[in-house]
1. If you only keep lysine pairs separated by 8 or more in sequence, or across chains, how many in the range 22-141 come under 30 Å at the Cα atoms?
2. So what's the range 73-172 giving for Cα Rg divided by 2.2 N^0.38 Å, two decimals?
3. Would you work out which of T119, A95, S134 lies farthest towards the positive end of the dipole of the range 89-135, given +1 charges on the beta-carbon of Lys and Arg and -1 on that of Asp and Glu, about the Cα centre?
4. Express in nm, to one decimal, how much length is gained between E118 and S83 on full extension, taking 0.36 nm for each residue of separation and deducting their alpha carbon distance.
5. Quick one: dipole size for the range 68-141, taken about the Cα centre, charges +1 on Lys/Arg Cβ and -1 on Asp/Glu Cβ, in debye to the nearest 20.
6. Sorted from largest to smallest, which semi-axis lengths in Å does the alpha carbon gyration tensor of the range 22-141 give for its equivalent ellipsoid, taking the root of 5 times each eigenvalue?
7. Express in whole angstrom the spacing between the alpha-carbon centres of the range 134-159 and the range 43-118.
Amino acid sequence: MKKLAILMSLSATPALAATGPFFSLRNTDFIVTIAFLVFIGILIYFKVPQIVGGLLDKRAEGIRADLEEARKLREEAQELYASYERRQREVQGQADEIVANAKREAIAQADKAKADLETSIQRRLKGAEDQIASAENEAVRAVRDRAVQTAIAAASQILREQGSSAQLSAGIDSSIDEVSQRLH
């Protein structure tokens, strides 16, 4: 059925529908066929198919060159990207190392500051203790001096009231010796 339909469609051409001989100048189909063959001959004579083929070849070469350049640019971009990633990893490693060093230095500085603070506190405590001991010694000495003066004054008054000057001299001397022995 398909073959019959194809045969019928091919047989329904204007050339078969025309009346009269096909090879006549009055037959338009013959004239069109001749004009077409002349046109094709002119195209071949002026080498139009070769020119068109050359233009198509040039266009194909241009496209190939563009594709090659795009491939090279892509490879360069991939290399640059890989280089960038490598550098980024290196910089990240350096940054991590710098942070770790800074942390170590900060801890060391904090430990040193603590040690310096403890030393300063110990020094101040020692100084305060020395000042307290010195003040205490001063106070004891002042109390002793005052006690000695009071004792001498009291002894002098008692001796004046009790006896003669010879006795007084002997009593004063013995009191001085006694106070001297107690202080040392």
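1. Count of close lysine pairs: 6.
2. In units of the globular-protein estimate, the range 73-172 measures up at 3.22.
3. It is S134.
4. Here the segment from E118 to S83 would lengthen by 7.4 nm.
5. Roughly 160 debye, rounded to the nearest 20.
6. Over the Cα atoms of the range 22-141, the semi-axes work out to 109, 12, 8 Å.
7. Between the Cα centres of the range 134-159 and the range 43-118 lies a distance of 96 Å.
Read-outs: derived from the displayed coordinates by stated rules, not from any lab. Bear in mind that the values here come from a model prediction, so they are computed numbers and not experimental data. Note that we place each Cβ from the backbone using ideal geometry, even for glycine, and neighbour counts take in every protein chain shown.
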